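Scroll down for the structure; my scribbles are underneath it.
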Amino acid sequence: MTQGGPFESSYLLAVDMYETSFSRFQMGQGAAIAVVLLVLAAIVIMPYVYYMSNQVEEIRE
């Protein structure tokens, strides 16, 4: 909506992935950005999943 905002302050990695892949037709670079986004999401999500699985185990006991 803001076209990146002032100095591209609202330009997200997912938007960059989409623009690289489909606007500039650089599918390989877009796929590489997608892999980086997946790894970053996994780094954030995995500790939460581990913590919640421990909480479920404590409730079952």
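Nothing in this text is a laboratory measurement; each read-out follows from the coordinates by a stated rule. Bear in mind the structure is a predicted one, so any value in this text is a computation, not a measurement. Note that we place each Cβ from the backbone using ideal geometry, even for glycine, and neighbour counts take in every protein chain shown.
Annotations
- Label point distance in nm, residue 42-residue 11, each placed 7 Å from Cα along Cα→Cβ: 2.7 nm
- At full extension, residue 49 and residue 35 could sit 3.0 nm farther apart than now, given 0.36 nm per residue minus the alpha carbon distance.
- In the chain, the calculated helix contribution to ellipticity at 222 nm averages -22500 deg cm²/dmol per residue, counting -39,500 (n - 2.57) for every DSSP H run with n ≥ 4.
- Value of relative contact order over the chain, rounded to a whole percent, pairs C-alpha under 8 Å and six or more apart: 19 percent
- Among the listed options (i) 16, 15, 9; (ii) 24, 12, 8; (iii) 36, 15, 7, the one matching semi-axes √(5λ) of the Cα gyration tensor in Å as calculated from these coordinates is (iii).
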